[in-house]
1. Quick test of your reading of the structure: Glu23 fulfils all but one of (1) of a type outside the set (Val, Ile, Thr); (2) exposed (fewer than 15 other Cβ atoms within 10 Å of the Cβ); (3) in a helix (DSSP H, G or I). Name the failing condition by number.
2. Mind listing whichever residues of the stretch 163-196 are at pLDDT below 90 and among the aliphatic types (A, V, I, L, M)?
3. Among what's in the stretch 170-190 and is surrounded by fewer than 12 Cβ atoms within 10 Å (Cβ to Cβ) and of a type in the set (Asp, Glu), pick the residue that is nearest to Lys62 (Cα to Cα).
4. Restricting attention to the stretch 64-112, report how many residues are closer than 13 Å to Asp2 by Cβ and in a strand (DSSP E or B).
5. With (1) surrounded by fewer than 16 Cβ atoms within 10 Å (Cβ to Cβ); (2) in contact (Cβ under 8 Å) with a residue 60 or more places away in the chain as the list, and Arg57 as the residue in question, which single condition is left unmet?
6. Give the number of residues within the stretch 107-151 that are over 23 Å from Asp176 (Cβ atoms) and among the β-branched types (Val, Ile, Thr).
7. Go over the candidates Leu98, Leu72 one by one and state the one that is crowded, with 19+ Cβ neighbours inside 10 Å and closer than 18 Å to Gln162 by Cα.
8. Given the criterion basic (Lys, Arg), at pLDDT below 90 and not assigned by TED's automatic domain parsing to the domain that holds Cys113, identify the matching residue among Lys52, Lys37.
Amino acid sequence: MDDVLCGTTEKMLTIFNETYNEEFTPNDLAKVGKEEKITNEMIEFILEEFNKPGFTRDLAVKKDAIEVVESLNEKYNVYIATAAMEVPGTFFDKYSWLEEHFPFLNPHYFIFCGNKQVVNADYLIDDTIKQLENFNGTGILYTAKLNEGIQVPFTRVDNWSQVYGHFVDGFDSRIDETKQRRIERYHQLMKKSDTIL
C-alpha cells in the first residue's frame with residue numbers, strides 16, 4: 001500500500017523537514033546507509049511519526065491508482081496487503097483510507113501483515129524488494145526512491161499506467177503465465193510428496 005497506492009514517503013519527508021528545518025527530497029532517501037546525511041535518529045523519528053494514529057489517514061493517492069485498481073478488480077480478485085506489524089498505530093487509518101479511496105474493493109480482502117510471504121496470490125505489486133523475494137508468486141516491483149536503479153529479477157513498473165498495461169492490456173498473457181506457474185508448482189509439490197513417502 002505505502003508508496004504503491006499512496007504517497008507515504010512524501011508525507012514523511014514533509015513532516016521531517018518541518019520538524020528538523022531541513023530540505024530533504026525523496027532523492028535523499030536513496031542515499032540512506034550510503035551517506036551520513038540522514039542519521040539513525042532521524043530514521044527513528046520518521047518511523048515514530050509514521051506509527052502515530054492519523055498519519056496514514058490523509059495520504060495522497062498515487063496518480064491513476066484508483067481507476068487502474070478498479071479496472072483490475074473487474075478482471076482479477078484484488079487483495080490489498082500492507083506490512084503493518086511494525087507500525088500497529090496505522091491499522092485503523094489504513095483500513096479507513098482504503099475504504100474511502102477504494103470503496104469498490106471487498107474489505108475482507110485487506111491483509112495486514114508483516115511478511116508478505118503469508119499472502120497466497122499469483123501476483124504481488126510492491127516497492128520493497130525483500131517482500132517480493134519472500135513472496136511465493138510472481139513479484140512486480142513498483143518503482144520508488146528506495147529501489148530506483150537497483151537491478152532486480154522482477155518485472156518493474158514505474159506507475160499505475162504501466163500496471164494497467166501489464167495486467168489489463170496483458171490479461172491473456174497473465175492468465176497463461178499463471179496457468180503455467182501453477183502447473184510447475186503442482187509438479188514441484190508432487191516431487192516433494194514422493195520423497196516424503
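1. (3)
2. Residues satisfying the conditions are Leu189, Met190, Ile196.
3. So the residue we want is Asp172.
4. Residues in the stretch 64-112 being closer than 13 Å to Asp2 by Cβ and in a strand (DSSP E or B): 5 in total.
5. (2)
6. Count: 6.
7. The match here is Leu72.
8. Lys37
The values are calculated or read from the model by the stated rules, or taken from the named source; none is laboratory data. Computed from a predicted model, the values in this text were never measured in an experiment. All Cβ positions, glycine included, derive from the backbone under ideal geometry; neighbour counts span all protein chains shown.
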